[in-house]
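Trainee: Shown below is the structure under consideration.
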Amino acid sequence: MEKIHLEFDVDGRNFVSAGTATAKVKACLKEMGINPDDVKRVAIAMYEGEINMVIHANGGKALVDIYVDKVVVKLIDTGKGIADINLAMKPGYSTASDDIRQLGFGAGMGLPNMKKHSDECIVESEVGKGTTVTLITNLH
Amino acid sequence: MDRLKSLHTVMLNSERCKGCVTCMKRCPTQAIRVRNGKASVIYDKCIGCGECVRLCPHQAKIASYDKFEVINDFKYKIALPAPSLYGQFNNLKDVNYVLTGLKRLGFDEVFEVGRGAELCSHATQVLLNKEVIKKPVISTACPAVLELVYAKYKNLKDNLLKLLAPVDVAAKLAREGAIEKGIPEEDIGVFFISPCPAKVFALKAGIGVKKPLVDGVLAISEVYMKLLPEMKKIEEPEKLSKMGVLGLNWAASSGEAIGAGRPKYLAADGIENVIDILNSIEDGSLSDVDFIELNACISGCVGGVLNVENPFVARARLRGLRSKFPQTANTLTDVGKSFDYYKWEEEPDYTSKSKPVEDRQQVFNKMLEIQNLYSTLPQSDCGLCGAPSCRAFCEDIVNGKIPKDSKCLMLDR
Ligand SMILES: Nc1ncnc2c1ncn2[C@@H]1O[C@H](COP(=O)(O)OP(=O)(O)OP(=O)(O)O)[C@@H](O)[C@H]1O
Ligand code: SF4
Ligand code: SF4
Ligand SMILES: [Mg+2]
C-alpha cells in the first residue's frame with residue numbers, strides 16, 4: 001500500500017525539549033490536511049510514547065507512516081526494556097524515580113493513555129535490548 | 001460569494017519592490033510568492049493581517065482602502081471613526097475636536113464605533129451567561145483572526161463568538177437613525193475610518209452579514225492628514241462624543257476581553273502569538289480559560305497598519321483620555337433592540353476563496369506527490385525559488401501553480 005514515510009530522532013538526554021518530535025509530526029499532519037481530531041489523537045498518544053523514550057530509555061527514533069486511511073507511529077528505542085508488559089500497561093504502575101516524579105511524570109498513566117487514544121497500541125519489548133511501541137490511528 | 005473575488009487587501013508598488021523576500025518569508029499564511037523579482041499575493045490565501053505592509057523595508061506594499069472622495073457620492077454622509085483614531089493625536093484635550101473636525105471635512109454626522117463596541121461588550125456578557133458555547137470562547141472582532149480560523153482552524157469554529165463586530169453594529173444603528181430622521185435611504189452614505197486592510201476587506205465583503213453595511217472604508221492615515229489642519233481651526237468643539245471607557249478600550253489588546261466580564265480571560269496580540277494560542281486551544285491546553293481575545297496586530301487595533309502613530313504611544317494616549325469618558329454610555333436597554341440584532345446574520349462565507357473539495361484518495365495522492373518531491377529537496381526553506389518554503393514550492397508544482405519542471409535553485413547550483 002502506498003504510504004508517506006517520515007522519520008524523527010528523539011533526544012534522550014533533554015527533558016525540556018521532550019515532545020519536539022510529536023510537535024513536528026503534528027505540524028506535518030496538519031499541513032497535509034488531515035482531520036484535526038485525528039491529528040490530535042495521534043499527537044496525544046505519540047507524546048506519551050515520546051516522553052517514555054526520554055525518561056525510561058535513552059531516546060530513540062520515531063517512524064511515521066501515513067496511509068490513505070490510517071497513521072502508524074512506531075517508537076523504537078534501545079533502552080532497558082520492560083520486563084512485564086501487562087503490569088506496565090496497568091494504570092498507576094510506574095517505575096519512575098523520585099527525581100522524575102518531581103518533574104510531573106510518573107503517574108503511570110502514559111501507556112494506558114496511549115491505548116485509549118489510539119485504535120491499536122502494540123508494545124514489544126526485551127529486557128536489556130529495547131522497546132518498540134506501535135500506535136495505529138484510523139483516519140476519519 | 002462573488003463580492004469577494006474582486007477585493008484585494010494589499011497592492012504592490014512594483015517599482016519599489018526589490019524582491020528581497022522579507023514579506024514572503026514572514027507571511028503567516030504563506031500567501032506571497034516572488035516571481036521575476038517581484039512579490040505577488042495569492043489573494044485566496046491572504047487574510048489581510050497587514051504583516052507584509054508592516055515589514056516591507058522598501059514601502060512597496062500598500063494596504064487597499066477607498067479614497068476620501070468617495071464620500072461625495074452621497075448627500076448625507078456619516079463617519080464611523082474607529083476608537084484607535086483617538087490615539088493618533090498628540091495632546092488631544094477632548095475627542096470632540098476630532099469629531100467636530102470630521103464634520104468640517106464634510107460629514108453630516110459622526111457615529112463612534114466605540115458605541116458599537118460597548119453594545120458588543122454587553123451582548124457578549126449576555127451570551128456568555130446564557131448560551132452554551134464551547135469554551136474557550138474566541139473573539140471574532142479582528143477579521144484577520146476570523147479568516148485564519150476559517151482557513152486553518154476549522155475545528156475551532158464552534159468556539160467562535162458569533163456576534164457582529166462593533167463597526168457592524170455602529171453602521172446599522174447610524175443608518176437606521178438617519179432614516180428615522182427622514183433622510184432618503186439612497187442619500188445616506190456610511191463610511192468606516194479603518195485602522196487596517198482586514199477591516200476594509202471584511203466590511204466590503206460583508207463577512208457575517210447578508211449584504212455590506214457600509215458604503216466605503218477610509219484609512220485612518222488619510223483622514224488624519226486632512227483632520228490635523230481642520231482641528232487647529234476649531235475654537236469650541238461640538239459635544240458629539242457619546243461613548244464610554246468600555247468602548248474606548250477596544251482600541252487596544254485586552255479591552256474586549258475585559259469588557260466580556262469574565263475573570264478567566266486571555267488576550268494575545270501579534271499574528272505569531274495568535275497562531276501559538278490557536279494551536280494551544282486546538283491541543284486542549286487552554287480549556288480552563290473562558291474568553292480569548294485575539295488581535296492580529298501587536299497591541300491590538302492601535303497597531304493596525306493604517307494608523308500613523310506607533311501602537312505603544314497611541315495606547316498610552318488612549319489611557320490618558322480615559323478619565324474624560326464615562327464608564328459606559330451605551331446599554332442594550334437604551335438601544336432597545338432584540339438580542340438577534342447583535343448576532344451574525346449569516347455564517348462567514350469565504351467560499352469563492354476556498355479550494356474545490358477533493359475526496360480522501362485525491363487528497364492523499366497529492367500529499368504523496370508533494371512528499372516525494374519534498375524528499376528530493378534540501379529542505380532549507382531558502383526562498384530562492386520564490387516560494388516561502390520547500391514544501392510550498394512542492395505544493396505549487398503539484399497544484400499546477402508553477403510549471404512541473406520548475407527548479408530548486410540550490411540543487412541546480
Ligand atoms: N520505552 C520504555 N522503556 C523502558 N521502560 C518503559 C518504557 N515505557 C514505559 N516503560 C515502563 O512502563 C512503566 C509505565 O509506563 P507509563 O508511561 O504508563 O507510566 P510512567 O511513564 O511511569 O508515568 P506517566 O506516563 O504517567 O508519566 C514505566 O514506569 C516504565 O517502567
Ligand atoms: S518585502 Fe516584499 S514587497 Fe517589499 S521589497 Fe521585499 S519582496 Fe518586495
Ligand atoms: S487587530 Fe485590529 S487593526 Fe489589526 S488586523 Fe485585527 S482588526 Fe485590524
Ligand atoms: Mg509515561
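The values are calculated or read from the model by the stated rules, or taken from the named source; none is laboratory data. Note that this is a predicted model, so its numbers are computed, not measured. Here the Cβ positions follow ideal geometry from the backbone for every residue, glycine too, while neighbour counts run over all protein chains shown. For accessibility, only protein heavy atoms count, side chains too; no ligands or nucleic acids. Shrake-Rupley method; radii C 1.70, N 1.55, O 1.52, S 1.80 Å.
Trainee: Set the bar at 19 Å for Cα to Cα. Now go through A:24/A:74; B:45/B:401; B:181/B:343; B:18/B:404; B:152/B:404 and name every pair that lies beyond it. Walk me through the intermediate numbers first.
Mentor: On the way: A:24/A:74 15 Å; B:45/B:401 13 Å; B:181/B:343 25 Å; B:18/B:404 26 Å; B:152/B:404 27 Å.
Pairs exceeding 19 Å: B:181/B:343; B:18/B:404; B:152/B:404.
Trainee: Would you list, by chain and number, the aspartates and glutamates whose Cα falls below 20 Å from the Cα of residue B:93, excluding same-chain residues fewer than 8 positions away?
Mentor: Cα-Cα hits under 20 Å: B:112, B:230, B:235, B:236, B:238, B:309.
Trainee: Taking amide H positions as placed in the peptide plane 1.01 Å from N, state which residues far from residue A:10 in sequence (5 or more) or on other chains have amide H under 5 Å from it.
Mentor: Those lying under 5 Å, H to H, from residue A:10 are A:60, A:61, A:62.
Trainee: For residue B:160, list long-range residues whose amide hydrogen, built 1.01 Å from N in the peptide plane, is under 5 Å from its own amide hydrogen.
Mentor: When sequence neighbours closer than 5 places are left aside, the close amide H contacts are B:138.
Trainee: Next up: Using the Kirkwood radius built from alpha carbon pairs, what does the Stokes-Einstein equation give as D for chain A at 10 °C and 1.306 mPa s, in µm² per second?
Mentor: Working: Rh = 15.0 Å.
Once the numbers are plugged in, D ends up at 106 µm²/s.
Trainee: Could you provide, to the nearest whole Å², the per residue accessible area of the range B:68-352 with probe 1.4 Å? Walk me through the numbers on the way to the answer.
Mentor: Details: 11130 Å² over 285 residues.
Ligands and nucleic acids excluded, the result is 39 Å² per residue.
Trainee: Heavy atoms only, probe 1.4 angstrom, no DNA, RNA or ligands counted: give me B:43, B:350, B:342 ranked by accessible area, highest first. Mind dumping the intermediate values first?
Mentor: Numbers: B:43 55, B:350 30, B:342 5 Å².
Largest to smallest exposure gives the sequence B:43, B:350, B:342.
Trainee: Follow-up. Net charge within 10 Å of residue B:397 by Cβ-Cβ distance, Lys/Arg positive one each and Asp/Glu negative one each, not counting residue B:397 itself?
Mentor: Details: positive: B:401, B:404; negative: B:369, B:395, B:396, B:405.
That sum, taken over residues with Cβ under 10 Å, equals -2.
Trainee: Take peptides B:273-282, B:239-248 and line them up by average Cβ neighbours within 10 Å, highest first, as a rough protection proxy. Display every interim value, and only then the final one.
Mentor: Working: B:273-282: 19.3, B:239-248: 21.0.
Ranked by mean Cβ neighbours within 10 Å, highest first: B:239-248, B:273-282.
Trainee: In a shell of Cβ-Cβ distance under 11 Å around residue B:240, excluding residue B:240 itself, what net charge do Lys and Arg (+1) and Asp and Glu (-1) give? Before the final figure, lay out each step's value.
Mentor: Working: positive: B:103, B:239, B:242; negative: B:94, B:109, B:112, B:238.
Charge balance near residue B:240 sits at -1.
Trainee: Select from the range A:45-113 those chymotrypsin sites (Phe, Trp or Tyr not before Pro) which occupy a DSSP coil region and have at most 16 other Cβ atoms within 10 Å, ordered by residue number. The partial results should precede the final answer.
Mentor: Details: sites: A:47, A:67, A:93, A:105; in loops: A:67, A:93, A:105.
Those that pass, being in a loop and sparsely packed, are A:67, A:93.
Trainee: Can I ask one more? Using amide H atoms built in the peptide plane, which far-off residues or other-chain residues are under 5 Å from residue B:39 H to H?
Mentor: Under 5 Å from the amide H of residue B:39: B:19.
Trainee: Taking only Cα atoms and a 10 Å spring cutoff, compute GNM fluctuations for chain B and point out the largest among B:306, B:368, B:148.
Mentor: B:368
Trainee: Moving on. Counting only helical runs of four or more DSSP H residues, what would the 222 nm mean residue ellipticity of chain B come to if each run contributes -39,500 (n - 2.57) and the total is spread over all its residues?
Mentor: Details: 15 runs with 145 residues, N = 413.
-10000 deg cm²/dmol, from helical runs alone.
Trainee: Still on this model: What are the semi-axes of the equivalent ellipsoid of the range A:59-108, taken as the square roots of 5 times the eigenvalues of the Cα gyration tensor, listed largest first and rounded to whole Å?
Mentor: Values: eigenvalues 141, 37, 32 Å².
Listed largest to smallest, the semi-axes of the range A:59-108 are 27, 14, 13 Å.
Trainee: Using the Karplus curve 6.51 cos²θ - 1.76 cosθ + 1.60 with θ = phi - 60°, work out ³J(HN,Hα) for each residue of the range B:171-187 in order, rounded to whole Hz, and write x for Gly and Pro.
Mentor: Result, ordered by residue: 4, 5, 5, 5, 5, 4, x, 5, 4, 4, 5, x, 7, x, 3, 6, 7 Hz.
Trainee: Report, in deg cm²/dmol and to the nearest 500, the calculated mean residue ellipticity at 222 nm for chain A, where each DSSP H run with n ≥ 4 adds -39500 (n - 2.57) and the sum is divided by the residue count.
Mentor: Helices in chain A give a 222 nm mean residue ellipticity of -10000 deg cm²/dmol.
Trainee: Here is a further query. Measure nothing fancy, just the Cα-based angle from helix A:20-31's long axis to the longest principal axis of chain A, in degrees from 0 to 90, nearest 10.
Mentor: 10 degrees
Trainee: Out of the total accessible area of the range A:4-138 (probe 1.4 Å, heavy atoms of protein only), what percent is carbon and sulfur? If you can, show how the numbers build up before the last one.
Mentor: Working: 3450 of 6630 Å².
Carbon and sulfur atoms account for 52 percent of the accessible area of the range A:4-138.
Trainee: Further question on the same structure: At q = 0.08, 0.09, 0.10 Å⁻¹, what log₁₀ I(q)/I(0) does a Debye calculation on the Cα points of the range B:68-352 give, no solvent, two decimals?
Mentor: With no solvent term, the Cα-only Debye profile gives -0.31, -0.39, -0.48.
Trainee: List the extent of the Cα atoms of the protein assembly as shown along each of their three principal axes, largest first, rounded to whole Å.
Mentor: Principal axes ranked by extent give 88, 54, 40 Å for the Cα atoms.
Trainee: Compute the separation of the alpha-carbon centres of the range B:138-196 and the range B:366-406 and state it in Å as a whole number.
Mentor: 38 Å
Trainee: Right, here's the next one. Which whole number of Å³ per residue matches the convex hull of the alpha-carbon atoms in the range B:359-413?
Mentor: Values: hull volume 4.0 nm³, N = 55.
For the range B:359-413, the hull spanned by Cα atoms encloses 73 Å³ per residue.
Trainee: Among A:29, A:87, A:75, whose mean-square fluctuation peaks in a Gaussian network model of chain A (Cα, cutoff 10 Å)?
Mentor: Most flexible of the set in this elastic network: A:87.
Trainee: Could you check how much of the accessible area of the range B:359-413 is carbon and sulfur, as a whole percent, using a 1.4 Å probe? Walk me through the numbers on the way to the answer.
Mentor: Working: 1560 of 3070 Å².
Carbon with sulfur: 51 percent of the solvent-accessible area.
Trainee: Below 16 Å, Cα to Cα, which lysines can residue A:80 reach? Residues fewer than 8 away in the same chain don't count.
Mentor: A:61, A:129
Trainee: With a sphere of radius 9 Å drawn around the Cβ of residue B:39, what net charge do the other residues whose Cβ falls strictly inside it have (Lys, Arg +1; Asp, Glu -1)? Write out the running numbers ahead of the final one.
Mentor: Details: positive: B:33, B:35, B:38, B:61; negative: none.
Spelling it out: positives minus negatives among the neighbours equals +4.
Trainee: Okay, next question. Name the most mobile residue of B:364, B:74, B:89, meaning the one with the largest mean-square fluctuation, in a Gaussian network model of chain B with Cα contacts below 10 Å.
Mentor: B:364
Trainee: OK, next. Residue by residue through the range B:278-293, what is 3J(HN,Hα) from phi via Karplus (6.51 cos²θ - 1.76 cosθ + 1.60, θ = phi - 60°)? Round to whole Hz and write x for glycine and proline.
Mentor: Values per residue, Gly and Pro as x: 4, 5, 5, 4, 4, 6, x, 7, 10, 6, 8, 9, 7, 9, 10, 9 Hz.
Trainee: Could you derive backbone 3J(HN,Hα) for the range B:19-32 from the dihedral phi with the Karplus parameters 6.51, -1.76 and 1.60 (θ = phi - 60°), listing whole Hz in sequence and x where the residue is Gly or Pro?
Mentor: Values, residue by residue: x, 6, 6, 4, 5, 4, 5, 9, 4, x, 10, 6, 9, 10 Hz.
Trainee: Could you tell me how many degrees, from 0 to 90 and to the nearest 10, lie between the Cα long axis of helix B:113-130 and the main elongation axis, the longest principal axis, of the Cα atoms of chain B?
Mentor: 70 degrees
Trainee: So, one more: If B:406, B:375 are ordered by their accessible area, calculated over protein heavy atoms with a 1.4 Å probe, which sequence runs from highest to lowest? Present the calculation step by step, with values, prior to reporting the outcome.
Mentor: Details: B:406 35, B:375 75 Å².
Descending order: B:375, B:406.
Trainee: Give me the percent of the accessible area of the range B:189-244 that comes from carbon and sulfur atoms, probe 1.4 Å, all protein chains in place.
Mentor: Summing carbon and sulfur atoms, their accessible area is 55 percent of the total for the range B:189-244.
Trainee: Rolling a 1.4 angstrom probe over the protein chains, ignoring ligands and nucleic acids, what is the accessible area of residue B:97 in square angstrom, nearest 10?
Mentor: Residue B:97 exposes around 50 Å² with every protein chain in place.
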